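These notes are about the structure you will find just below.
The values are calculated or read from the model by the stated rules, or taken from the named source; none is laboratory data. Treat the numbers as computed from the prediction; the structure is a model and nothing was measured. Reconstructed Cβ throughout: ideal geometry from the backbone, glycine too, with neighbour counts over all protein chains shown. For the accessible areas, the whole protein counts, side chains as well, though only heavy atoms, and no ligand, DNA or RNA atoms are used. Shrake-Rupley method; radii C 1.70, N 1.55, O 1.52, S 1.80 Å.
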Amino acid sequence: MSQSPENKKGQVETTGHVWDGDLREYNNPLPRWWLWGFYGTIIFAVVYWILYPAWPYADTYTKGVSTVSFQSPVLDKAGKPVKGPDGNVEMETKTEHWNSRALFYQEMQSSPSALAQKEWLAKVKGMSFEQIAANPDTLNFANSAGHALFGDHCAACHGTGGQGVLAMNAEASYPNLTDNAWIHGGDYAKIVQDMTNGIQGNMPAFGALFQGEKLTDLAQYVLSLSHQPGVNDEAANRGKASFATCAGCHGANGTGNQMIGAPNLTDKIWDFVDVSGAPNIDAKLKLVEGVIDHGLQHKMPKFSDRLTPEQIRLLAVYVRQLGGT
Amino acid sequence: MSSVNLTEQEPELYQARDPIHPKSIKGRFRTFKTVVLALAYAIFFLLPWVRWERVVGPNQAVMFDIPTRRYYLFDLIIHPQDMFLLAGFLILAAWLLFFVTGMVGRAFCGYFCFQTLWTDVFMKVEHWIQGDRNKRMKLEKQVWNPEKILKKGLTVLVWTLIAFWTGFTFTAYWADAPRLFMAFFTGTAASAAYMTTGILTVTTLVAAGFAREQVCIYMCPYARFQAVMFDKETLLVSYDALRGEGSAGRKPLQKGLMTLEERHSAGTGDCIDCTLCVQVCPTGIDIRDGLQLACISCGLCIDACDEIMTKRGWPKGLIRYASEKELETGEKPSLLKFRTIGYGIATALASALLIYGVLTIKPLDFSIQQIRQPLFVLMSDGSVQNNYELKINNKEQSALELELTVEGLTGAHVAIGGDFTTLVIPPDETRNYLIHVRAPRTSGISRQLITFKLTDKTGLVPVIVGQSSFNFK
Ligand code: SF4
Ligand code: SF4
């Protein structure tokens, strides 16, 4: 081996460890830029620990000095939100250590889109339902807000498009909101009232009163009200007398009563049993007989706990236009 | 600790950079580079400040607005839907690069690349403060005395200012420039603005001030793939070795070898080994060693050698743009080779398509879709109603007044949302509406194609037609 002490480039430093007589470990220092990068990450980490949640200890963790503020509802002792005189939940400013949930709240309240939403909310606040629906701009807003609210609160029963459910069992059916018939009334005030307080619909079972021939005749008469093809006029005529019992709620000529939620029997819309879809008169008769026999209960929960009055207003505009006028 | 000698020549894993101090030179290529630099800087630094009146949107001629997802380029507004234009633009840029590179080598590197431009400016700063090559090299070797600290410090300070203004200008393309300026210096700008400016300041300073040619040699992917596109006919900055070396090699000027005649009869080449071409090279290489990856094709060595040749009264072009073939056979390269024609056509085609795309950007995006939940609804009078979702995006700078009608359905009644048929869509806004179409039930037909028509009453956009179907059952 030639030794050339002036030629440093041919030499490599070793750690001084030797194995098997000639195996040596090179000591190649790390590139300087790499080392500085490494020190940089250490400094970054320390700064991060000071600012943000980092180290777990005992049953908690270091919180960091950075904070996030957002508006949060005031809660009473039972943990329920406190409502102000205007029916809206009272808010207070809350400051928490930095965390992504608080950041999310903050963004939901103060991001440009949240502020734009606030602006729109303020705009529709002073408007009547009719004004909101007649103005393409505010209707556009009510649509997008209403659609989101509908998806969260109504779609589970009424379907994503408001199409409702027509089940085999009348009590598992949910009314279709996209037609133009309203069982409980379709003006805005009534829709708001029903959403706020919920609905309790109750038709008693008449199985004890009407049986056999009598029941079929009554069903024939009910179907004749909406001119269903295949109705036996003779039987319907016989059943007309029994309808006196029904007239208390459905009205003498079967046009229903929105105040108590008795459906109109003279139109083509059937919200609880699929009469329009039944293949023949016998199937239709069976459906109607079933309802008379067992009665019909339907219940919609109240939403005053879950939605603000303003949200219910927007939702009413959205639901009202699903079926058009 | 001890050390061992390597028996084989191992490459060093890390080599500290030796600073390169190119000599400044005058000449054709230097002038061209200066003109390009001035133009590029003028455009880059001034563009964000150019104002442009718009009905909706920022009054800034060029702005890339991320929150509203709009790119404003003078009168052209690119919406997210038109983003394919960006892809088209990038494809065009790539083909143009291939086209130029196949013809004249790394022209992009030498004259247009921002690494080259900014390095050039930073070197000029060095030149002004520390003097030319010799002075700079002396200063480099000198111990750290006040003079060196002052000169080096001042250089870095000026670099940092330029780097900062570069970073800030870049940020100004993404926000309203004057407002950003105010907010930036009062500490109220978005954190993204500080971050972008900060990162670009640091990277500009490091890349143009300290890393320089190392960026081209070790980091840049373009350098590699441009070199791949050379062929024997590509014009490259080359040293004419046949002429320069002769049969007896290059020799400095000396007695008996002063004139061309003397040199030629002695077999000596025309290169007088003055090394000026090496001294001016910004990447510190010797072009006389042949084509190298480190050569960015800046042409400064051509200027250098031409100066020497002119001084001696010898023909210029010992270093010149020449193809490999030309150097070997003396044959001039033909620019009309298959590759350049191909790339040329591709570039022209892409430009035409891009221009066509820009000219035919739809002023209005519109979709009408049948709502399938439910597909149809029976109304109380026995008629059938179908609902549709109408989406309109007015991309114009003025409001549109659109009237909706439906065709192909007898006895149809159409209504938007509540009950209107005319919509006013404000400029540059998107609207969603629920459309009701109602028609009496016709026996036998279960489904029918219908046509929606949107007629703009302002006459700005032509009638828009959309098709959908109507389900009776
Ligand atoms: S060799 Fe010549 S063309 Fe290449 S980078 Fe150096 S000076 Fe520029
Ligand atoms: S500048 Fe020209 S003459 Fe001088 S060394 Fe370079 S190639 Fe030779």
Restricting attention to segment A:153-166, does a residue exist that is at pLDDT below 90 and more than 13 Å from chain B (Cβ to nearest Cβ)? no
Which condition breaks for B:THR455 when tested against (1) open to solvent by 30 Å² or more (accessible area, probe 1.4 Å); (2) assigned to a loop (DSSP other than H, G, I, E, B); (3) at pLDDT 85 or above? (2)
Give all pairs with beta carbons closer than 9 Å in which a residue from segment B:378-389 that is within 7 Å of chain A (Cβ to nearest Cβ) and open to solvent by less than 10 Å² (accessible area, probe 1.4 Å) meets a residue that is basic (Lys, Arg) and in a strand (DSSP E or B); count only pairs at least 6 apart in sequence or on separate chains. B:MET379/B:ARG438; B:GLN385/B:ARG438
Does B:ILE302 qualify as being more than 14 Å from chain A (Cβ to nearest Cβ), within 12 Å of ligand 1 (Cβ to nearest atom) and in a loop (DSSP other than H, G, I, E, B)? no
Scope segment B:305-330; condition part of a helix (DSSP H, G or I), within 14 Å of ligand 2 (Cβ to nearest atom), in contact (Cβ under 8 Å) with a residue 40 or more places away in the chain and of a type in the set (D, E, K, R); matching residues: B:ASP306, B:GLU307, B:ARG312
Filter segment A:270-325 for residues that are within 14 Å of chain B (Cβ to nearest Cβ) and aromatic (Phe, Trp, Tyr); the one that is nearest to A:GLY201 (Cα to Cα) is A:TRP270
Out of A:LEU51, A:LEU103, A:LEU139, sole residue that is in contact (Cβ under 8 Å) with a residue 24 or more places away in the chain and either surrounded by fewer than 10 Cβ atoms within 10 Å (Cβ to Cβ) or under 22 Å from the mean Cα position of the chain (by Cα) (or both): A:LEU139
In this structure, is A:HIS153 touching a residue at least 24 places away in the same chain (Cβ under 8 Å) and either under 16 Å from A:TYR188 (Cβ atoms) or open to solvent by 20 Å² or more (accessible area, probe 1.4 Å) (or both)? yes
Would you check if B:PRO427 is part of a loop (DSSP other than H, G, I, E, B), at pLDDT below 85 and either out of contact with any Lys or Arg (no Cβ under 7 Å at 6 or more places or on another chain) or more than 11 Å from chain A (Cβ to nearest Cβ) (or both)? no
Does B:LEU375 fit the bill of being under 29 Å from B:ARG54 (Cα atoms) and surrounded by 15 or more Cβ atoms within 10 Å (Cβ to Cβ)? no
Condition met for B:CYS295 (near ligand 1 (Cβ under 9 Å from one of its atoms), farther than 16 Å from B:ILE25 by Cα and in contact (Cβ under 8 Å) with a residue 24 or more places away in the chain): yes
Leading residue by the ranking (nearest to B:TRP49 (Cα to Cα)) among those in segment B:67-83 that are β-branched (Val, Ile, Thr) and part of a strand (DSSP E or B): B:ILE77
Counting only residues that are hydroxyl-bearing (Ser, Thr, Tyr) and part of a loop (DSSP other than H, G, I, E, B), which one in segment A:245-269 is farthest from the other protein chains (Cβ to nearest Cβ)? A:THR255
Against the conditions (1) over 33 Å from the mean Cα position of the chain (by Cα); (2) not in a loop (DSSP other than H, G, I, E, B), where does A:GLN297 fall short? Just the number, please. (1)
